[in-house]
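Take this structure, written in C-alpha cells, and hold onto it; I'll ask about it next.
The values are calculated or read from the model by the stated rules, or taken from the named source; none is laboratory data. Please read all numbers here as calculations on a predicted model, not as lab measurements. Heads up, the Cβs are rebuilt from the backbone with ideal geometry, glycines too, and the neighbour counts pull from every protein chain shown.
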Amino acid sequence: MISTVIRLARVGSGSELAAAVLMGLGYPCVMLAALIPNIWLFAAAGAVTYAADWYLHQKNSYLVNRLNSVRAGLPIRFLLRQLLLILLLARENLAEQPVFYATVACFLLFYGLQAPHGALATFIKLRRTLPVVTRNVDLHAVRIPDAPPRALLNRSGEKMLHLDIPAVVGIVAAVATGRNVLAYAGVVATLGLGILYILALAPYLRRRVPGAGTVLKAVDTWLREYQPTVALYFSGGDDSAYQVNMWLEAMEQTDGRPLIIMRERTLVPKLGDTSVPILCIPGGQHMMARDWSTIRVTLYPANVGKNIHMLRVPTSKHVFIGHGDSDKLASVNPFSKVYDEVWTAGQAGRDRYALADVGVRDEDIVEVGRPQLAPIRRGTGTPKNPIPTVLYAPTWEGWDNNPGNTSLLLAGENIVKRLLNADRPVRVIYKPHPFTGLVNKKAKAVDERIRKMVTEAATRRATDPRWAKETAAAQAGQAAARAELTRIEARLAVLGAPGRKGTDESETSRVSLADPHRLAETKRLREEWNDAYWRSFGWWEHKVVTGTRPHLYDCFNESDGMVSDISSVVSDFIASGKPYAVTDSAELGAEEFMRQNTAVRAAVVLSNSAAELDEFLDAVADPAADRLAEERRDLKRYLLGPDEPTSIEQFNAAVRTLVAKAEARNAGVAQRLAGQRIGELDQEDGASLGTEEPGNGTRTTDKDAAEATAVG
C-alpha cells in the first residue's frame, strides 16, 4: 500500500512521502492557528513546514518541484507563511502596535531584496558559463577565474528565502512573551543578513570568464595544435552517458589522436576518467563553425538528430558503432544509411542488416569485434563458490513499450521467486536496467517489488541456520572489506574531483588536464574496490545491485549464469561462455523466438511462467548437464567475431583503413579542384593574351593548388 502511494506521489522514499504529507498538513494548521489565534500551534505548524520544505528540497523531490506548475512554488509558500503571521498579529489585537508595522515593513523590504539578489546570482552564473566544457584540453590562453564559493550560489534563492527565519522566530517570540524587542531584533537580523548576502555576491560580478569569442578562439588554437584524427561524437539524454563510457577505453587505445566531442554539458560530469580530450560544444552554430578538417574518422554511438552537425564535415569518414549489439530493431535503424560505414561486432550484425533490408549495403559493413568486452572473464565451467550465483539483468520496457522488450512485466516476479525458492540453493544478484520505469510505471512497480523480494530473502537467509556457520566465519573478513571500501571511496572522491572543492564547470574545464599518474591510480583503486565489494558480503547472500558500480561486466564475472532479455546484455554475456536463459515475453514460442533472435540460439528459452528454469539451473550447477556449451562457443564467434586478432586490434585496423580512404578522398578532391582552377586560369590567359606578366599565371596556379590541397 505504502509503495503504491510512494509511486503515485512520485517521491523516492517513505521519508519523502512523510515530509510531503507533513508539509501538506502544516500550512492549513498554520492558517488555522492564525485565525483562532493560537501562537503555540502557529509556531509548531510553522516549524513543521520549514523542516518538511527543507528536507524535500534537499532530496530534490519531484513532488515539491512540481508545486511550481500549480503556482505553489517556494516563494509563494514563504510569502503565505509571512502573510499568515501578519494575520496572527492582527488577530492578537496588535494591528495598531509598532511591532505590527515593523513586521509588515520587514517583509516588504525583505521581498524587495529578493530582486537584486536573484539578479546577481543569475548574472554571475551566466557570466561564468563558457560556450564549451572541456576535459584534458589545455586552454591556457583563457584566463578563467576561480568559481565563487559553492555556498553562495548553490540553491541561492532557497537560502535567501530562509533568511526570514530570524524575523519569524523573533516576531512569534514577541507575541508569546510580550517583549517587542525580540521582534525588532529578528527584523534587523533578517534584513541585515539579506543585505550581507547581496554584498557577498557583488564582488564576483566582476570575476567573469572571457567572452565566447575568446574561448572559442582558444579552442580553435588547441584544435590546430592537437590536430585530432579520430573523433567519438555523442549527443543524448541525461541518462545516456553510459553509451559513451563503454567506449572510453577503446578510444584510449585507438591509433591516432583521439577526441571525444559532446553536445550536452550535463553529460560531461557523468563520464568516466579518461586520458582522451573531451570537448563539449552545446551550441549548434559553435559546433559547425569549428575547423574539423584534421579528423579523418568520426564514430557515432547513437542515432540522434544532432549528429547532422558533424555529418556535414566532408573531410571525415563517418561510422556508426552503436552502444550495444542485440537483435532489437534499434540495431538495424534505417538512419544508419547516412554513415559511410557501419561497424558490427561479428557476422551476426552483418546478417541483421541483410535481413532487415533497410538500405545499408553489405560492403559498408565492417566487423570489428567488441573491444569493450575485454574485461569479461571466460567461465571455467564450474561454479566459483559452493553454491552458484545467478544474475538476473532484465532490460527496460523500451520507448515503444512493446511487451516483448522486457521480462519484468509478465515474467520478472516468477523468475525471481523460482530462483529464490530453487531446490538447490543459488545466490541471486538482481541488476535492473537504469531506464526501468521511464516509460511504463508498471515496470517500475514490478522492479520495486522484486527489489523487496530479494532484500527480504537475503534477510531470511542471514538468519537461516544452514548459513549461520558461514556467516560467523566471514564476519571479520567482511568488516575488513567494508572498511577497505570506505578508504578506497574516499580516495576515489579526491582523485575524481581535481581542483578546489565546490568548483563550477568553468573552473573544472581549466583544471581538468590529463594526469597519467592520477588515472593509473584511479584504475588500480577501482579494481581494488570491485574486489573489496564482493568480499564485503557472503557468497551466499542475495544482492540488489544498482548504480554505476559495480559495473554490469563485474556482475558477469561474479555470476555463474544469467537470466535476461533480448538486448545487448545477452550478446555481451555470451563472451563469458557461461550458461544463460532468455525470456520469451511476447510468447512467440521457443522455435520462433530463436528464429527471430540470433542471441537466443544457445540459450534456455523461458516462458513467462519461468517453468524452464530448472534446465538452466542444472547447466549452471553441473557442466555435465550443460548441453548447450558447444553451441555457445559457435554463437560467440558468430556474434562477437574471432578471439584472434583481438577486438581492439580489429578495431584499430578498421580505423587505419578508413583513415586511408578519407585521405584518398580528400587528395582526390584537392586534385580535382586544382585541375578546375588551372582550366579556368588557362581560359582567362587565352582571353587576355599578351596582357599578363610572364610567369604570373604559373604563380597563381601554384597558390590555388595549395589552397585546394588545404581543403583536405
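Return the residue satisfying two criteria in turn: it lies in the stretch 407-439 and is farther than 22 Å from Gln243 by Cα and of a type in the set (S, T, N, Q), and of such residues it is surrounded by the most Cβ atoms within 10 Å (Cβ to Cβ). Quick ask: steps written out before the conclusion?
The first filter runs over the stretch 407-439 and keeps only residues farther than 22 Å from Gln243 by Cα, leaving 407-429.
Those still in the list that are of a type in the set (S, T, N, Q) too: 407, 414, 421.
On the way: Ser407: 28, Asn414: 18, Asn421: 9.
My answer is Ser407.
Among the residues of the stretch 568-577, are any surrounded by 15 or more Cβ atoms within 10 Å (Cβ to Cβ), farther than 30 Å from Lys270 by Cα and more than 24 Å from the chain's Cα centre (by Cα)?
Kept after step one, since they are surrounded by 15 or more Cβ atoms within 10 Å (Cβ to Cβ), are these residues of the stretch 568-577: 568-577.
Subsequent filtering for residues that are farther than 30 Å from Lys270 by Cα retains 577.
Those still in the list that are more than 24 Å from the chain's Cα centre (by Cα) too: 577.
Scanning the stretch 568-577, I find at least one residue that is surrounded by 15 or more Cβ atoms within 10 Å (Cβ to Cβ), farther than 30 Å from Lys270 by Cα and more than 24 Å from the chain's Cα centre (by Cα), so the answer is yes.
Which of the following residues is in a loop (DSSP other than H, G, I, E, B) and at pLDDT below 95: Asn68, Asn93? Lay out the reasoning, then the answer.
Details: Asn68 fails: in a loop (DSSP other than H, G, I, E, B).
None of the other options fit; the residue is Asn93.
Report yes if Val545 is at pLDDT 90 or above, buried (at least 22 other Cβ atoms within 10 Å of the Cβ) and not small (Gly, Ala, Ser), otherwise no.
On the way: at pLDDT 90 or above: yes; buried (at least 22 other Cβ atoms within 10 Å of the Cβ): no; not small (Gly, Ala, Ser): yes.
Taking the combined requirement at face value, the residue does not satisfy it.
Scan Leu120, Leu84 and give me the residue that is more than 30 Å from Arg150 (Cβ to Cβ), crowded, with 19+ Cβ neighbours inside 10 Å and not polar (S, T, N, Q).
Details: Leu120 fails: more than 30 Å from Arg150 (Cβ to Cβ).
None of the other options fit; the residue is Leu84.
Name the residue that is farthest from Ala662 (Cα to Cα), counting only residues in the stretch 313-329 that are in contact (Cβ under 8 Å) with a residue 60 or more places away in the chain and outside any loop (DSSP other than H, G, I, E, B).
Among those that are in contact (Cβ under 8 Å) with a residue 60 or more places away in the chain and outside any loop (DSSP other than H, G, I, E, B), it is Val319.
Name the residues in the stretch 604-616 that are in contact with a strand residue (DSSP E or B) (Cβ under 6 Å, 6 or more places away or on another chain) and either aromatic (Phe, Trp, Tyr) or more than 15 Å from Ser407 (Cα to Cα) (or both), would you?
Answer for the stretch 604-616, where residues must be in contact with a strand residue (DSSP E or B) (Cβ under 6 Å, 6 or more places away or on another chain) and either aromatic (Phe, Trp, Tyr) or more than 15 Å from Ser407 (Cα to Cα) (or both): Glu615, Phe616.
Next question. Restricting attention to the stretch 502-521, which residues are in contact with a helix residue (DSSP H, G or I) (Cβ under 7 Å, 6 or more places away or on another chain) and either outside any helix (DSSP H, G or I) or surrounded by 17 or more Cβ atoms within 10 Å (Cβ to Cβ) (or both)?
Quick first cut of the stretch 502-521, residues in contact with a helix residue (DSSP H, G or I) (Cβ under 7 Å, 6 or more places away or on another chain) only: 502, 505, 518, 521.
Across the stretch 502-521, the qualifying residues are Gly502, Glu505.
Among Val172, Val142, Val137, which is over 16 Å from Val209 (Cα atoms), touching a residue at least 24 places away in the same chain (Cβ under 8 Å) and in a loop (DSSP other than H, G, I, E, B)?
On the way: Val172 fails: in a loop (DSSP other than H, G, I, E, B); Val142 fails: over 16 Å from Val209 (Cα atoms).
Within the list Val172, Val142, Val137, the selection yields Val137.
Still on this structure, I have one more. What about Glu528, is it crowded, with 17+ Cβ neighbours inside 10 Å and at pLDDT 85 or above?
Numbers: crowded, with 17+ Cβ neighbours inside 10 Å: no; at pLDDT 85 or above: yes.
Taking the combined requirement at face value, the residue does not satisfy it.
Could you list, in sequence order, the residues of the stretch 378-399 that are closer than 26 Å to Ser647 by Cβ and surrounded by fewer than 16 Cβ atoms within 10 Å (Cβ to Cβ)?
The answer is Arg378, Thr380, Gly381, Lys384.
If only one of Arg370, Arg312 is in contact with a Leu (Cβ under 9 Å, 6 or more places away or on another chain) and either under 16 Å from Ser571 (Cβ atoms) or surrounded by fewer than 21 Cβ atoms within 10 Å (Cβ to Cβ) (or both), which one is it? Spell out how you get there, then give the answer.
Values: Arg312 fails: in contact with a Leu (Cβ under 9 Å, 6 or more places away or on another chain).
Every option except Arg370 fails the conditions.
Looking only at the stretch 200-213, filter to residues that are touching a residue at least 60 places away in the same chain (Cβ under 8 Å) and under 30 Å from the mean Cα position of the chain (by Cα); which one of those is nearest to Met287 (Cα to Cα)?
First, pick out the residues of the stretch 200-213 that are touching a residue at least 60 places away in the same chain (Cβ under 8 Å): 201-202, 204-205, 207-210, 212.
Of the ones still in play, those that are also under 30 Å from the mean Cα position of the chain (by Cα) are 208-210, 212.
On the way: Arg208: 23, Val209: 20, Pro210: 19, Ala212: 13 Å.
Among them, the one singled out is Ala212.
Please pick out the residue among Glu680, Glu692 that is of a type outside the set (A, V, I, L, M), modelled with pLDDT of 50 or more and not assigned by TED's automatic domain parsing to the domain that holds His318. Steps first, answer last, please.
Values: Glu692 fails: modelled with pLDDT of 50 or more.
The conditions single out Glu680.
Please give the number of the condition Val338 fails out of (1) at pLDDT below 90; (2) surrounded by 15 or more Cβ atoms within 10 Å (Cβ to Cβ); (3) not acidic (Asp, Glu).
The one condition Val338 does not meet is (1).
Residue check: is Arg224 out of contact with any Phe, Trp or Tyr (no Cβ under 8 Å at 6 or more places or on another chain), part of a loop (DSSP other than H, G, I, E, B) and on the phi < 0 side of the Ramachandran plot?
Answer is no for this residue.
Follow-up question, since we're still on this one. On the basis of being outside the structural domain of Leu267 (by TED's automatic domain parsing), surrounded by 14 or more Cβ atoms within 10 Å (Cβ to Cβ) and over 35 Å from the mean Cα position of the chain (by Cα), does Val172 make the cut? Full working, then the answer.
Values: outside the structural domain of Leu267 (by TED's automatic domain parsing): yes; surrounded by 14 or more Cβ atoms within 10 Å (Cβ to Cβ): yes; over 35 Å from the mean Cα position of the chain (by Cα): yes.
Yes; evaluated as a whole, the condition is true for this residue.
Something else about it: Tally the residues that are under 16 Å from Ala654 (Cα atoms) and out of contact with any Asp or Glu (no Cβ under 9 Å at 6 or more places or on another chain), restricting the search to the stretch 326-362.
1
Restricting to strands (runs of 3 or more DSSP E) lying wholly in the stretch 549-613: which have 1 or more residues that are under 22 Å from Pro375 (Cα atoms) and not assigned by TED's automatic domain parsing to the domain that holds Leu271?
Values: elements: 561-564, 580-583, 604-606.
Those strands (runs of 3 or more DSSP E) span 561-564, 580-583.
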